[in-house]
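Below: one structure, written as C-alpha cells.
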Amino acid sequence: MTPALWPPTAQEIVFLLLGVVAVGSALLVVTTRQLVHAALWLVACFGALAGCYLVLTAEFVAWVQVLIYVGAVVVLMLFGIMLTRAPIGRTADLDSGNRVLAAIVALATAAVLVTVVVDGFRTAYAPLEPGTGSAKTLGGSIFRTWVLPFEALSVLLLAALIGAIVISRTDIKGRE
Amino acid sequence: MHVVYPAVVSCLLFSTGVYGVLARRNTILVLMSVELMLNAVNLNLVAFDVWLRDQLNGGQVLTLFVIVIAAAEVGIGLAIVLAVFRNRQSIDLDRLRELSEPSGDAPAVEKVTAGGGEG
C-alpha cells in the first residue's frame, strides 16, 4: 500500500533539500564566530523551514512563519545584539568551556531521537493533499474549535507586551 | 511524503538547538538556539497533523500557538537580557554566577570552567 522509502518522490526530494538547508544553517547558527552572522543564518534556517511547511501543504503556517519568525523575531534578536553593544566581527569567546560536552550530549540526543523515530515511523506515509492547510480551513477551526485558547493567547501576548515594557524601562522604581 | 523525513529533519534541528543552548556563552545566542528547538517541534506538529489528517487541524493550530508563544518569549527574554546588561555590563552566561554554590577555594576563572564542564 505505502510506497517504498527509496527512491524518494519529487516532493520528498524538495523537502529533503530544504531540510538540508535548514539543518545546515542551524549548524552555522550554533557554530559561527560572528554574532550578527548567527542572526542572519537564522533567517536562512527559518526560510527553509517555511519552505518545508509549504511542501507539507501547510500554507498558512508557512506564511505566519515568514511573517513572525523572519520578520519579527530575527529583527528583535538583531536589536538585542545591537543594544547589548556586542562586538561586530569575529569574536573568540562566544563559546563557553563546555563545548565538547555539549557536542557529546547533542550527538547522543540526535542518535537516540533518530533511531527511535526511524524505527517507529518507517512505514508511516502521509499522502499530501493541497488545501488542507489553507487560511480558510485553519481560520475555520481556530475560530470554531480553538477559540478559547486563541483568546487566552491574546491575553498572554498583552501580558508579555506590558511585561517587556515594564522590565526595560529604567524610570520605574520599586516601592521605597 | 514519508513521515520519516520530516521527523528526522526535526530531530536533527532539535539536537542542533541542544548543542547551541549548552555550548554558547552569549545569552542572545542561547535564545536563538531555543528558537531552533521550538522550530523543530513545529515541524513535527505540522508533519503529524498532515499524517493523521486531523479534522480539527489540531497540529497546525498548535503550531500557530507555539509561534505566538515563541514571539512573546523572545520579547520578554530580550527585555530581561537588556536589564541584565544594564546592571552588569555583560551578558556572558559564565559570568552570571551569583546564584551558584560557592565551590571551595578555587579561583574565579577556574570556577567558571569547572562549573561550565558540569553543565
**Request:** Filter the range B:36-65 down to residues that are assigned to a helix (DSSP H, G or I) and touching an Asp or Glu at 6+ places or on another chain (Cβ under 9 Å), then give me how many there are.
**Result:** 9
**Prompt:** Quick check, is residue B:63 of a type outside the set (D, E, K, R) and either at pLDDT below 85 or surrounded by fewer than 18 Cβ atoms within 10 Å (Cβ to Cβ) (or both)?
**Reply:** no
**Message:** Tell me the residue from B:92, B:49, B:54 that is charged (D, E, K, R) and crowded, with 20+ Cβ neighbours inside 10 Å, please.
**Reply:** B:49
**Request:** Mind counting the residues in the range A:89-100 that are more than 24 Å from the chain's Cα centre (by Cα) and either within 30 Å of residue B:55 (Cβ to Cβ) or in a helix (DSSP H, G or I) (or both)?
**Result:** 1
**Asked** In the range A:113-154, how many are part of a helix (DSSP H, G or I) and either more than 21 Å from the chain's Cα centre (by Cα) or within 25 Å of residue B:69 (Cβ to Cβ) (or both)?
**Response** 25
**Request:** Just give me the residues in the range A:128-151 being loosely packed, with under 11 Cβ neighbours inside 10 Å, without any contact (Cβ under 8 Å) to a residue 40 or more places away in the chain and of a type outside the set (D, E, K, R), in sequence order.
**Result:** A:143, A:148
**Item:** Selection from the range A:16-59 of residues that are touching a residue at least 60 places away in the same chain (Cβ under 8 Å), facing chain B (nearest Cβ under 7 Å) and surrounded by fewer than 24 Cβ atoms within 10 Å (Cβ to Cβ)
**Value:** A:57
**Request:** Inspect the range A:71-87 for any residue being more than 7 Å from every other protein chain (Cβ to nearest Cβ) and modelled with pLDDT of 95 or more and give the result as yes or no.
**Result:** no
**Prompt:** Restricted to the range A:155-176, and to residues that are of a type in the set (Val, Ile, Thr) and in a loop (DSSP other than H, G, I, E, B), which residue is surrounded by the most Cβ atoms within 10 Å (Cβ to Cβ)?
**Reply:** A:172
**Of residues in the range B:71-86 being more than 7 Å from every other protein chain (Cβ to nearest Cβ) and either touching a Cys at 6+ places or on another chain (Cβ under 9 Å) or under 17 Å from residue B:33 (Cβ atoms) (or both), the one surrounded by the most Cβ atoms within 10 Å (Cβ to Cβ)** = B:77
**Message:** Could you list, ordered by first residue, the pairs with Cβ atoms under 6 Å in which the first is in the range B:47-60 and in contact (Cβ under 8 Å) with a residue 24 or more places away in the chain and the second is outside any loop (DSSP other than H, G, I, E, B) and surrounded by 24 or more Cβ atoms within 10 Å (Cβ to Cβ), at least 6 apart or interchain?
**Reply:** B:47/B:6
**Asked** Among the residues of the range A:59-78, which ones are of a type in the set (Val, Ile, Thr) and either outside any helix (DSSP H, G or I) or under 18 Å from residue B:30 (Cα atoms) (or both)?
**Response** A:70, A:73, A:74, A:75
**Request:** Within the range A:108-131, work out how many residues are at the interface with chain B (Cβ under 7 Å from one of its Cβ atoms) and closer than 14 Å to residue B:18 by Cβ.
**Result:** 4
**Residues (touching a strand residue (DSSP E or B) at 6+ places or on another chain (Cβ under 6 Å), at the interface with chain A (Cβ under 7 Å from one of its Cβ atoms) and in a helix (DSSP H, G or I)) located in the range B:1-35** = B:23
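The values are calculated or read from the model by the stated rules, or taken from the named source; none is laboratory data. Treat the numbers as computed from the prediction; the structure is a model and nothing was measured. Ideal geometry is used to build each Cβ from the backbone, glycine not excepted, and the neighbour counts take in all protein chains shown.
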